[in-house]
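Report on the following structure.
Please treat every number below as a calculation from the coordinates, not as lab data. Note that the structure is predicted; figures quoted are calculated from it, not measured. Here the Cβ is made from the backbone with ideal geometry for all residues, glycine too, and neighbour counts use every protein chain on show.
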Amino acid sequence: MNEPKKLTVKYFAVLREKTGKSQEEIETLANSALELYVGLANKYNFPLESSSIRVSINEEFRNMNDILHSGDSIIFIPPVAGG
Amino acid sequence: MFTISEKPIDTHLLKRELINSRAGALVCFEGWVRNHNDGDEVTTLEYEVFESLALKEAEKIIAEAKEKFDILEILGVHRQGRLDIGDIAVWIGVVAEHRDPAFEACRYVIDEIKHRLPIWKKEHFKDREAEWVVSNEDTDHRII
């Protein structure tokens, strides 16, 4: 049985504006960062496909297919535009 | 070293930090806020930064440049918050014994920073609603 995981998700830029918050604690059955993103994208109507998103788990760049664990801090990174 | 700053960038102070009696060259890049993009009049910019990861990634980029090029030191600053036209958004300085590696390393660092650091730019326009921008090579494309 897949147990729900408790995660912290932080939002930046367009994702922060779409959710109306800079972070939230969530419980999810999503296994991977990708599954979590797709669920959140539906909930908040994110304007970006998962293919254009990178993810940070616990402040490291990681793969969207990486498995999530309870207590993880997740940040989805929309296309960047520094400089 | 790389920092994120909410205050205007003081280039004189940064250059002074790079003084090195072995150095024969200093190459600087300054990214300025311009008043237009894609034909639209830009009034201000807003940078949002995921600071802890941006700093980690910037230090990686600087370490890569030191490995690849024969240089002495690299210093970089990126702004966050609201910027006006003409403000310096990003500053990179590289000192080396000779100019060639300093030019090459400076180019490498600014290119990698633009592509890899979790920094987002919102353009505010004179005549329409503000938009988040995504950089793609030499041109900026809007996504939203």
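In chain A, which GluC sites (Glu not before Pro) fall in coil by DSSP and have 15 or fewer other Cβ atoms within 10 Å?
Here the sparse-neighbourhood loop sites are A:Glu49, A:Glu59.
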### Message
Counting only other chains, and only Cβ atoms inside 10 Å, what mean value do you get across the residues of A:54-63?
### Response
2
### Summary
In degrees, nearest 10, the alpha-carbon axis of helix B:99-116 is tilted away from the dominant principal axis of the alpha carbons of chain B by 40 degrees
### Task
Give the angle, between 0 and 90 degrees and rounded to the nearest 10, that separates the Cα long axis of helix A:33-44 from the longest principal axis of the Cα atoms of chain A.
70 degrees
### Task
Take chain B, connect every pair of alpha-carbon atoms lying under 10 Å apart with a spring to form a Gaussian network, then pick out the residue of B:Ile74, B:Ile88, B:Ile19 with the largest mean-square fluctuation.
B:Ile19
### Message
So if each residue of separation counts as 0.36 nm, and I subtract the Cα-Cα distance between A:Lys10 and A:Asn65, what length gain in nm does that give?
### Response
18.0 nm
### Message
I need the calculated FRET efficiency for the pair B:Glu97 and B:Lys56, taking r as the beta carbon distance and R₀ as 30 Å, to the nearest 0.05.
### Response
0.55
### Query
To the nearest 10 degrees, how steeply does helix B:51-68 sit against the main Cα axis of chain B, on a 0 to 90 scale?
40 degrees
### Query
Ranked by Cβ crowding within 10 angstrom, fewest neighbours first, how are B:Glu17, B:Glu123 ordered?
B:Glu17, B:Glu123
### Global form of the stretch A:5-77, assessed from the alpha-carbon gyration tensor, a/c cut-off 1.5
rounded
### Task
Mind giving me the FRET efficiency for A:Ser52 and B:Glu46? R0 is 25 Å, r the Cβ-Cβ distance, nearest 0.05 is fine.
0.75
### Task
Determine the principal axes of the Cα atoms in the protein assembly as shown, then give the extent along each, sorted from largest to smallest and rounded to whole angstroms.
65, 44, 27
### Message
Based on alpha-carbon centroids, what's the gap between the stretch A:1-69 and the stretch B:56-80 in Å, whole number please?
### Response
30 Å
### Query
Under 11 Å from a point 7 Å along the Cα-to-Cβ line of B:Ile85: which residues of the stretch B:1-41 have their amide N that close?
B:34-37, B:41
